[in-house]
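The values are calculated or read from the model by the stated rules, or taken from the named source; none is laboratory data. This structure is a prediction, so every number in the text was calculated from the model and none was measured. So basically every Cβ, Gly included, is an ideal-geometry build from the backbone, and we count neighbours across all protein chains shown. The area values use the complete protein model at the heavy-atom level, side chains included, leaving out ligands, DNA and RNA. Shrake-Rupley method; radii C 1.70, N 1.55, O 1.52, S 1.80 Å.
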Amino acid sequence: MSLGHRVSTFLLLGSSLGRNLAVSGCLLILAVVLMNLWSLNTSWQQTIRSAEERAVNLALSQARQAEDTFLQTEISLREIQRHIQQEPSGRVNTEALSQIMREQRSHLPQLHGLFYYNASGDWLSWSLAQTPKGANNSDREYFAYHRQNGHNNIHIGPAIQSRSTGELVIPVSLRLNDAAGGFAGVLLATVRVDYFRQFYAYYELGERDVLVLMLDDSTVLYARPMPDSFVGKDLSSSRLFQEMLVKSDRGSGQWNAALDGHTRIFGFVRSARYPLVVAAGYDKPSLLQNWLKEKSQDIALNLLLLIIIMVIGLIVLRQVRINVKNQTELTHLRDELTVINRMLQAMALIDGLTGLANRRQFDIYLRESMKQASANGKPVSLVMMDIDFFKRYNDAYGHVAGDKCLETVSGALRNMSLRDNALVARYGGEEFAIVLPETAAEEALAIARRAVENVRRCRIPHCETEIAESVVTLSAGCATVTGTGNYMDIQTLKHQADAALYEAKRQGRNQAVGSPG
């Protein structure tokens, strides 16, 4: 007997049941493999999303820190500017001003120095103990900038090397005008690059993770953990400046860093007050390596589960050879129960007409959302909606057309661009609802208004409506509650949303109203 024939006999491939079992076994193994691959992919995508969120949060915190740093510097410069302007024209006491500068510098650890230059670029006052003889800074970028621009705004320039100490500093400058409005000199504060180096060192980052402070013209002010040779590098060719910042002042994404070519997961923020951009990037290969280490045990367990399934399959085949009939009946029964169970689950949670979540799923999800809200302290919003004059619609067009109208309205609601955690449900009859976890009142009201607009755009004719456009419209009310763990929170949220809905109807329908409570 050949090996192939023995295998065929062992697996009962000569019978239809044996072939079905062999195919079922292969499909089961394939399903387990695919499910595990799907689970791993979902976990990896969640890891990426989490890294993007952490990168955005880190960039945001550093952008605020940079704003605070330069705001303190600006306040110091403004105070010195007022002192100079209060002095009689041409009679500034440079020694007294230098003393004021030294006092200002002692209060701000980020400052390298404070300086006052006349219109020719000569040093008049400074906070440093010593200065080069005959020093002149008229060739500096910030000096030329203020000489050409007459506004009174703070200017942050690219990092330079201090002529007095040789340190890398970031110049923050302010123009001084004479009585006629002409150029009278420059006030300069230099912020130490080392200040940001020391501050950024407090954060735990991987060897290839980066944290970059830049001007909004793409010039690098400081990049951790890059050497000082990267300071002043032009990143205008990067995707950050070519694409991402064009669309939004804050966001995240994945691209090859223009700094060194490594692929990273970035979060970025543009300062609203100063021409600054902060980007935080997590090295994607390192992130993948750490993720694989965390998932190695799960992968091993899944492989073990696959082996167990194969062993069980062999045992089942052995039992089939003993009693084919009983096994066939059990297989059929199992398949029938599986199909019935899936059908029951679908029927229990899905509205049969609209395909949306039904009232039962709505209640379950709202209850779970409120529990999560009580744990994380984030608000839950609820939008309650009702088709305007729907009874008149049924009376005018019939219940078949009414069902078609409900299907069209539900399609308009389903096609709204909502967060993944939002749930659109048919509340009952012509009423619909949207559960919005972790959503503030303003965003919920905007979503409610979009729902009203989407339904109106369907242009479903309604000859009996009181709306001027003679189309089917929607009224919506929304409310927001932060869960406390009390069951009454759900009732309060429903009551407020329902009250807002009735207020929308009272105000003329075809609109969304937010709850004042």
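Site-free segments of the chain were taken between trypsin sites (Lys or Arg not before Pro) in DSSP loops having at most 12 other Cβ atoms within 10 Å, sites themselves excluded; the longest one is 134-418. R0 = 60 Å: FRET efficiency of TYR502 with SER106, Cβ-based, nearest 0.05? Here the calculated transfer efficiency is 0.40.
With q set to 0.05, 0.07, 0.09, 0.13 Å⁻¹, the log10 of I(q)/I(0) for the chain, from the Debye formula over equal scatterers at the Cα positions, is -0.40, -0.69, -0.92, -1.16. Taking amide H as placed 1.01 Å from N in the peptide plane, ASP388 has its amide H under 5 Å from the amide H of THR473, LEU474, SER475, each at least 5 places away in sequence or on another chain. Between GLU204 and LEU124, the simple spin-label model (points 7 angstrom out along Cα→Cβ) gives 5.2 nm. Separation of segment 218-259 from segment 185-207 is 17 Å, based on Cα centroids.
Over segment 257-296, the reciprocal of the mean inverse Cα-Cα separation, the Kirkwood hydrodynamic radius, stands at 11.9 Å. Given the options VAL316, MET384, ALA279, identify the residue whose Cα lies farthest towards the positive end of the charge dipole of the chain (+1 on Cβ of Lys, Arg; -1 on Cβ of Asp, Glu). Comparing the listed Cα positions along the dipole, VAL316 ranks first. Residues in segment 451-459 carry Karplus couplings, in order, of 4, 4, 5, 4, 5, 4, 5, 5, 6 Hz; the curve used is 6.51 cos²θ - 1.76 cosθ + 1.60 with θ = phi - 60°, and Gly or Pro positions show x. As a ratio to 2.2 N^0.38 Å, the alpha-carbon radius of gyration computed for segment 90-181 takes the value 1.07. Taking the Cα centre of segment 161-252 as origin and assigning +1 to Lys and Arg Cβ atoms and -1 to Asp and Glu Cβ atoms, the resulting dipole is close to 40 debye. When the accessible area of segment 152-238 is split by element with a 1.4 Å probe, what percent falls to carbon and sulfur? Taking all protein chains in place, segment 152-238 shows 45 percent carbon and sulfur surface. Taken over segment 111-252, the ratio of Cα radius of gyration to 2.2 N^0.38 Å equals 1.19. The equivalent ellipsoid of segment 176-274 has semi-axes of 30, 18, 12 Å, largest first, where each one is the square root of 5 times an eigenvalue of the Cα gyration tensor. Computed with a 1.4 Å probe over protein heavy atoms only, the accessible surface of the chain comes to 53 Å² per residue. Helices in the chain, meaning DSSP H runs of at least 4 residues, each add -39500 (n - 2.57). Divided by all residues, the mean residue ellipticity at 222 nm is -17000 deg cm²/dmol. When only the Cβ of Lys, Arg, Asp and Glu is charged (+1, +1, -1, -1), the dipole of the chain relative to its Cα centre reaches about 1160 debye.
Ordering THR263, THR473, THR484 by accessible area with a probe of 1.4 Å, largest first, what comes out?
THR484, THR263, THR473
Surface composition of segment 442-517: carbon and sulfur make up 49 percent of the accessible area, probe 1.4 Å.
Show me the chymotrypsin sites (Phe, Trp or Tyr not before Pro) within segment 168-238 that DSSP assigns to loop and that have at most 14 other Cβ atoms within 10 Å of their Cβ.
TYR202, TYR203
For segment 67-158, a simple Cβ point-charge model (Lys and Arg +1, Asp and Glu -1, everything else neutral) yields a dipole of about 220 debye relative to the Cα centre. From largest to smallest, the equivalent ellipsoid semi-axes obtained for segment 49-96 from the alpha-carbon gyration tensor read 42, 7, 5 Å. Quick check: Cα centre of segment 62-84 to Cα centre of segment 457-504, how many Å? If you average the Cα positions of each part, the centres end up 49 Å apart. Applying 0.36 nm per residue to the separation of LEU27 and ALA144 and subtracting their alpha-carbon distance, the gain on full extension is 34.8 nm.
Within segment 171-277, the GluC sites (Glu not before Pro) that combine a DSSP coil assignment with at most 11 other C-beta atoms in a 10 angstrom radius are GLU204, GLU207. Applying 1/(1 + (r/R0)^6) with R0 = 30 Å to the Cβ-Cβ distance of THR42 and SER248 gives a FRET efficiency near 0.70. Using the beta-carbon distance between ASP335 and ASP395 and R0 = 35 Å, what value does 1/(1 + (r/R0)^6) give for FRET efficiency, to the nearest 0.05? Efficiency, from the Cβ-Cβ distance: 0.15.
Rounded to two decimals, the Cα-based Rg/Rh of segment 373-517, with Kirkwood Rh, is 0.99.
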